[in-house]
């Protein structure tokens, strides 16, 4: 490999935002140190739920996703990521010890674009990431309007509104299982609750708490229809301490109970399977 080619591959990782989702702390640390030294901005998540929340908040350029994780595995997390409008276009590369052909096919069918088998060689990880990073950047350059408005808000909002909205959104989406005190959240962003709500109304058309409620309900709907996770676990993942309170909120938003929503999806999937 020529020095020019090697340098180009290295440069492709500079500034790249990479989310590493793996329940193995040693693998997370190894990848974070290696990719960080290459100039990438590395974010870490310890399971599929954590990864999905952080992907919504960070909107990384690439996701390295382990398959065999407790509670929410990589295949489930991949389906969640592909079902959400904000994250469906993010390239996913599986990092896993499951290396049989059938398992690789299953991973690719769930939405991954590549597959690296553990134990992995760091140089291979770097090479594959560089290839996909260049492809992704080429696509973004070809479509300059892809993220238009994402950081600027609506026409009536200011740069300060957009900044407050973006930072608060990142905080909220990465912690959907927590209920923040609005004054504390505003203080962390060097503003006050009234000003933060104004930024959300200008950028998203809703208050901070209304935004959080909708984000939680959309996440809950994804978990109910894309996974078999117990409803109490879904309630906890979306910030509700009891199943009853969660069910009440879910019915208020969607006009049906969590059980009814899951059953409706199962029946629709069965009908679609028969048609195909």
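Brief remarks on what is shown
- Residue check, residue 260 more than 23 Å from residue 48 (Cβ to Cβ), modelled with pLDDT under 90 and part of a helix (DSSP H, G or I): no
- Some residue of region 97-113 being modelled with pLDDT of 75 or more, touching a strand residue (DSSP E or B) at 6+ places or on another chain (Cβ under 9 Å) and under 18 Å from residue 17 (Cα atoms): yes
- Each residue in region 190-227 was checked for being without any contact (Cβ under 8 Å) to a residue 60 or more places away in the chain, part of a loop (DSSP other than H, G, I, E, B) and crowded, with 18+ Cβ neighbours inside 10 Å, and 1 of them qualify.
- Counting only residues that are assigned to a strand (DSSP E or B) and crowded, with 21+ Cβ neighbours inside 10 Å, region 41-72 holds 6 of them.
- Positions within region 12-26 being more than 19 Å from residue 55 (Cα to Cα) and assigned to a helix (DSSP H, G or I), in sequence order: 26
The values are calculated or read from the model by the stated rules, or taken from the named source; none is laboratory data. Not measured: the values here are computed from a predicted model. Here the Cβ is made from the backbone with ideal geometry for all residues, glycine too, and neighbour counts use every protein chain on show.
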